[in-house]
Amino acid sequence: MYEKEELIRFVQEAKKYGHQGKVASYIPALGKANPNDLSIAIYMPDGRIIDAGDVTVKVTLQSISKIIALALVIMDHGEKEVFKKVGMEPTGDPFHSIAKLEETQPTKPLNPMINAGALAVTHMISGRTVKERLQRLISFVRKLAGNPTISYSQEVAQSEFETAFLNRSLCYFLRQHNIINEDVEDLMELYTKQCAIEMTCIDLARIGLVFAMDGRDPFTEEEIMPLDVARICKTFMVTCGMYNASGEFAIKIGIPAKSGVSGGILASVPKRCGIGIFGPALDDKGNSLTGIKLLEFLSKTYSLSIF
Ligand code: GLN
């Protein structure tokens, strides 16, 4: 199962759809990506890695970071406290939508995967300063990926910080409603650096594997996060991980996954493997077009759907 030659063929096949997609440019630094890139790594519990494409290219996490920040804050504060500030329901709206915020009673973002909910989650990362909170998050990411060299891209963080007007407006709304109570610029600094944490597809796949193994490091057996936390995160991956395309993704592919506008996808096949993908050509919902095609081939060939 998972033959390298076959994976290379799938990558070539999926790349043919790339021309239908576009690289994200609302964060100017992301606009530099090559829409023809497509790489994948599959990490197995026995340590085997199968990859195709240039897996040394680094990808910024963007929205993939939301799932990791969520795990950290549930560990920091417990499930009950976290879900006082953010809901558990999917929305049919784009990830940056502001539309439903006023409709929900009591006022709180519908889930932690839309930007409003993710900002509320990032706000909850414990620590005295932005620097300390970022450091805690990065240490957690390093542990999940088993890679102590992971850091963030100063260029991408800065580029988003300078242009994130809509996210700032979401923060002000959250502050007005006492969901956050910190300085908006501080939160934006932390959030944009969180989104700019960068790694290779192999690192992504390894994090996917930890989720697949219910929060345990498959090689040391260490519990990196409690089973309950891993379960909550994987459930959000299924219900809201691919933004407002999560329903179709669940039907066609059926694997817990989280995407980012950089073109990254982290997928987690329970007990079987973690998958990391980088394909910056995006569809109109902001998901990697070629990445989804690739996952579709894999899911069909190896019956990976959890349903
Ligand atoms: N940093 C991005 C933003 O907030 C993340 C969004 C995404 O990947 N969908 O706009």
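Here are F83, F140, F95: which of them is closer than 18 Å to C171 by Cα and out of contact with any Gly (no Cβ under 8 Å at 6 or more places or on another chain)?
After applying the criteria, what remains is F83.
Conditions (1) of a type outside the set (A, V, I, L, M, F, W, C); (2) within 27 Å of E160 (Cβ to Cβ); (3) without any contact (Cβ under 8 Å) to a residue 24 or more places away in the chain, marked per residue:
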site	(1), (2), (3)
P226	yes, no, no
Y243	yes, yes, no
P256	yes, yes, no
F278	no, yes, no
A281	no, yes, no
I292	no, yes, no
E296	yes, no, no
S299	yes, no, no
Exercise. Answer yes or no as to whether Y2 is touching a Lys or Arg at 6+ places or on another chain (Cβ under 6 Å) and more than 16 Å from the ligand (Cβ to nearest atom).
Key: no
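Restricting attention to the range 92-106, and to residues there that are in a loop (DSSP other than H, G, I, E, B) and more than 13 Å from the ligand (Cβ to nearest atom), which single residue is surrounded by the most Cβ atoms within 10 Å (Cβ to Cβ)?
So the first thing to find is which residues in the range 92-106 are in a loop (DSSP other than H, G, I, E, B), and the list is 92-98, 103-106.
Of the ones still in play, those that are also more than 13 Å from the ligand (Cβ to nearest atom) are 92, 103-106.
Values: G92: 10, E103: 8, T104: 13, Q105: 6, P106: 8.
Result: T104.
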Self-check item: Y243, sole failed condition from (1) at pLDDT 95 or above; (2) within 16 Å of the ligand (Cβ to nearest atom); (3) outside the structural domain of I74 (by TED's automatic domain parsing)
Solution: (1)
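Determine whether the range 2-13 contains at least one residue that is part of a loop (DSSP other than H, G, I, E, B) and either farther than 17 Å from L266 by Cα or touching a strand residue (DSSP E or B) at 6+ places or on another chain (Cβ under 9 Å) (or both). Steps first, please.
Residues of the range 2-13 part of a loop (DSSP other than H, G, I, E, B): 2-3.
Cutting the leftovers down to either farther than 17 Å from L266 by Cα or touching a strand residue (DSSP E or B) at 6+ places or on another chain (Cβ under 9 Å) (or both) gives us 2-3.
Yes, that holds for at least one residue.
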Self-check item: Within the range 33-69, considering residues that are in contact with a Ser or Thr (Cβ under 9 Å, 6 or more places away or on another chain), in a helix (DSSP H, G or I) and not small (G, A, S), the one farthest from T200 (Cα to Cα)
Solution: K66
Quiz item: With (1) away from the ligand (no atom under 16 Å from the Cβ); (2) of a type in the set (A, V, I, L, M, F, W, C); (3) in contact with an Asp or Glu (Cβ under 7 Å, 6 or more places away or on another chain) as the list, and C195 as the residue in question, which single condition is left unmet?
Solution: (1)
Exercise. Go through (1) within 19 Å of the chain's Cα centre (by Cα); (2) surrounded by 13 or more Cβ atoms within 10 Å (Cβ to Cβ) one by one and return the number of the condition E89 breaks.
Key: (2)
Self-check item: All positions within the range 66-91 that are within 14 Å of the ligand (Cβ to nearest atom) and touching a Leu at 6+ places or on another chain (Cβ under 8 Å)
Solution: I67, I68, A69, T91
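The values are calculated or read from the model by the stated rules, or taken from the named source; none is laboratory data. Small disclaimer: the values here were computed from a predicted structure and weren't measured. All Cβ positions, glycine included, derive from the backbone under ideal geometry; neighbour counts span all protein chains shown.
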